[in-house]
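Notes follow the structure.
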Amino acid sequence: MIFLKFLRDQLPFLGLFITLIAIINFVLWLDPTQSIHWFNLLYLDVICLLILVSFIVSSYLKKRSFLKELHFRTQYPHKSYNQTLNTGKTQSELIYQKAYNTLVDYGKEENLKLINRQNDQTEYVDSWVHEIKIPLAALQLLQENIQTQINSNKNRQIKTEISQISHLVDQVLYYSRLDNFTQDYLIQRYRLKKIVNQVALENMTTFLEKHIQFEIEGEDTPILTDQKWLAYILTQLFSNALKYTPDNGSIKAKIIQDHKVTILQITDTGVGIPKQDISRIFDKGFTGENGRKQDKKSTGLGLYLAQKMAQKLGHELTVSSTPGKGTTFSIQFPFLSYYNDENQDNNLSYKKRTEA
């Protein structure tokens, strides 16, 4: 394939060479002063063609290593995008090589600057989150101290707003850490029902305020995951379910086990997702018809983060919904074989600990 592409580039030279041979043959054949037999002309043409073939083959052999290297970098850019080129031999190849290496070096410098800026931003966000949690904790303590002195409805409203601020602060923190996920995870064996109940308990105030019934079905299946990141994913799903489920509704978590995966389904009896929005709810910044309503303000980051985190954990997050009836989010948890060190399709590894 590479040789054919090289040969295609030589077509103008080949055409010129063959045209010159034809002109020479024509002149010698018609020259009355020359008595050349047609066989001698054919013999001369064969010699010229052999010289041409030898020249083309030798030229290709000189360029082969350079062309193969370029072809490899074109086919597998992720393996060689930051490596300089050093296979050039001819003057033209050396010129190309110098230009290519200059771009690679420039790209490395720009990537390093970008990484440093991202690290600075991440450090700033981490510092900001930890700093802002101090007044948040103080507000929560103040609310607990004055809850008997103010109207119960006002107290619930203050508590809900503090909880919402805390949730948004955590969202900023997790968003900033998304690119550095591999530095902040630990795959272990956990009991799925225990994590679900823990997240549901953290949202119990909203359950009680809206009189929403919660139940969980299925066996308490052990799964492989990172507890902190999975808890955040579930928090997003419960938050959405509670936000769009009317009073006196219900939310059900169901654990399903088959021979390949464990599936967790979280189903609500909320307003559902319009058909035109269902394919975009995991897009960054997408709020949809429900999110644009005045009483249902949304940032469009919650489900985006949940989807990204699920992918990085090796889980599969999907959704199905019927407008006016409710929505079901499903998370599929793979078995141990997905996380073994020989699996090249993911960057995760399993570290065995005692069950949580």
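Some notes on this structure:
- If the condition is being assigned to a loop (DSSP other than H, G, I, E, B), surrounded by fewer than 17 Cβ atoms within 10 Å (Cβ to Cβ) and hydrophobic (A, V, I, L, M, F, W, C), then the range 221-280 contributes only Ile278.
- Annotation: of all residues in the range 154-168 being without any contact (Cβ under 8 Å) to a residue 40 or more places away in the chain and of a type outside the set (A, V, I, L, M), the one that is farthest from Asn203 (Cα to Cα) is Lys154.
- Residue, surrounded by the fewest Cβ atoms within 10 Å (Cβ to Cβ), within the range 195-207, restricted to residues that are in a helix (DSSP H, G or I) and at pLDDT below 90: Met204
- Test result for Gln171, surrounded by fewer than 16 Cβ atoms within 10 Å (Cβ to Cβ), in contact (Cβ under 8 Å) with a residue 24 or more places away in the chain and of a type outside the set (Val, Ile, Thr): no
The values are calculated or read from the model by the stated rules, or taken from the named source; none is laboratory data. The structure presented is a predicted model; accordingly, all values stated were derived computationally and were not measured. Here Cβ is always computed from backbone atoms with ideal geometry, including for glycine, and neighbour counts include all displayed protein chains.
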